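See structure below.
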Amino acid sequence: GSLLSAEGLRKSFGRTTALDGADFSIHPGEVVAVLGPSGSGKSTLLHCLAGIVAPDAGTVRYDGRELSTRPDAERSALRRTEFGFVFQFGQLVPELSCTENVALPLRLAGVRRRAAERTAAEWLERLEVAEVGDQRPGEVSGGQGQRVAVARALVTSPRVIFADEPTGALDSYSGERVMELLTEAARSLNTAVVLVTHEPRVAAYSDREVVVRDGRIREPGPAL
Ligand code: ADP
Ligand code: ADP
């Protein structure tokens, strides 16, 4: 069955309708690209699926239970332990080293510093950026920073990664390498990935693509 699904999602911001009856579902370990033009509702869909934004109508089910029926504390615990996030910019804590950044989700989950930093170092190595561990995010390149962000998203072995334009700020070579490393690691953990992008080249790393238009999901096909 599906791990995460949404039915009939509606969300407006003032007079702007961001979602207008969107349906979505993803299986464990599946990588689904959410494509569509800017302003079509992709980020809002991702925020609703992750329980960051409450839809005006419709339901989101994760692991067999409706998200909206869970208390806030439980939703934030899910976001810390079972979900991972990768965004386009600005997600690393500038005052911490890259290793400390990757270790942070484990520290928040109660793992002791030595063990957390050892695991973090392993993930940096897996993402081929072991050499930046002692540096601050401001001292590394954009591509290295995104690999650190991916390592941080994966370090808790989450069941779902939410990635919103994760390569949007990178040149196409580093972007493709980040996508390769992200999808490889996710497959090895059986982690599902909801990948929001407007770039077909990035979407090519997914198992399946859906297209958002005017706040609704259209499966791609000849009719488009
Ligand atoms: P996409 O990710 O496809 O670019 P978004 O989901 O970010 O689309 O946005 C869909 C529409 O909703 C856009 O018109 C956007 O400006 C609007 N929108 C999204 N978030 C907000 C918000 N917090 N406040 C007001 N309008 C918003
Ligand atoms: P993306 O590039 O991921 O689509 P945006 O730049 O559209 O992101 O939005 C970034 C953040 O600002 C999101 O949290 C979104 O909900 C919010 N946002 C988007 N459009 C508006 C808007 N018109 N007014 C206020 N907040 C917005």
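Each residue in segment 1-48 was checked for being closer than 19 Å to Asp164 by Cα, touching a strand residue (DSSP E or B) at 6+ places or on another chain (Cβ under 6 Å) and either within 14 Å of ligand 2 (Cβ to nearest atom) or in a strand (DSSP E or B) (or both), and 26 pass. For segment 20-40, a tally of residues being within 8 Å of ligand 1 (Cβ to nearest atom) and crowded, with 20+ Cβ neighbours inside 10 Å returns 2. Out of curiosity, is Pro71 in contact (Cβ under 8 Å) with a residue 12 or more places away in the chain and more than 16 Å from ligand 2 (Cβ to nearest atom)? In short, no. Within segment 91-122, being buried (at least 20 other Cβ atoms within 10 Å of the Cβ) and in contact (Cβ under 8 Å) with a residue 40 or more places away in the chain holds for Leu92, Cys98, Asn101, Val102, Ala103, Pro105, Leu106. Cβ-Cβ distances below 6 Å connect the following pairs, each with a first residue in segment 23-52 that is on the phi < 0 side of the Ramachandran plot, a second residue that is more than 9 Å from ligand 2 (Cβ to nearest atom) and in a helix (DSSP H, G or I), and a separation of six or more residues or different chains: Val31/Thr183; Ala33/Ala203; Leu35/Ala203.
Kindly indicate the residue of segment 1-19 that is within 13 Å of ligand 1 (Cβ to nearest atom) and crowded, with 16+ Cβ neighbours inside 10 Å and also farthest from Asp72 (Cα to Cα) among those meeting that condition. Restricting to residues being within 13 Å of ligand 1 (Cβ to nearest atom) and crowded, with 16+ Cβ neighbours inside 10 Å, the top hit is Thr17. Filtered by the rule that a residue be without any contact (Cβ under 8 Å) to a residue 60 or more places away in the chain and not aliphatic (A, V, I, L, M), segment 168-201 gives Asp171, Ser172, Tyr173, Ser174, Gly175, Glu176, Arg177, Glu180, Glu184, Ser188, Glu199, Arg201. For segment 33-58, a residue qualifies if it is in contact with a helix residue (DSSP H, G or I) (Cβ under 7 Å, 6 or more places away or on another chain) and of a type in the set (Val, Ile, Thr), and the qualifying residues are Val34, Val53. Restricting segment 77-101 to residues that are within 16 Å of ligand 2 (Cβ to nearest atom) and not in a strand (DSSP E or B) leaves a set whose member that is modelled with the lowest pLDDT is Gly90.
Residues that are crowded, with 20+ Cβ neighbours inside 10 Å and assigned to a helix (DSSP H, G or I) were ranked within segment 125-141; the one that is farthest from the chain's Cα centre (by Cα) is Val132.
Considering (1) assigned to a loop (DSSP other than H, G, I, E, B); (2) out of contact with any strand residue (DSSP E or B) (no Cβ under 9 Å at 6 or more places or on another chain), the lone condition that Leu104 does not fulfil carries the number (1). In the condition set (1) under 30 Å from Val140 (Cβ atoms); (2) more than 16 Å from ligand 1 (Cβ to nearest atom); (3) crowded, with 17+ Cβ neighbours inside 10 Å, Leu67 is compliant with all but (1).
Condition first: farther than 24 Å from Leu154 by Cβ, under 16 Å from the mean Cα position of the chain (by Cα) and modelled with pLDDT of 95 or more. Can you find one or more residues in segment 35-42 that meet it? Checked against the condition, which is being farther than 24 Å from Leu154 by Cβ, under 16 Å from the mean Cα position of the chain (by Cα) and modelled with pLDDT of 95 or more, segment 35-42 yields at least one hit.
The values are calculated or read from the model by the stated rules, or taken from the named source; none is laboratory data. Worth saying up front: this structure is predicted, and the values here are computed from it rather than measured. Methodologically, a virtual Cβ is constructed for each residue, glycine included, from the backbone with ideal geometry; neighbour enumeration extends over all protein chains shown.
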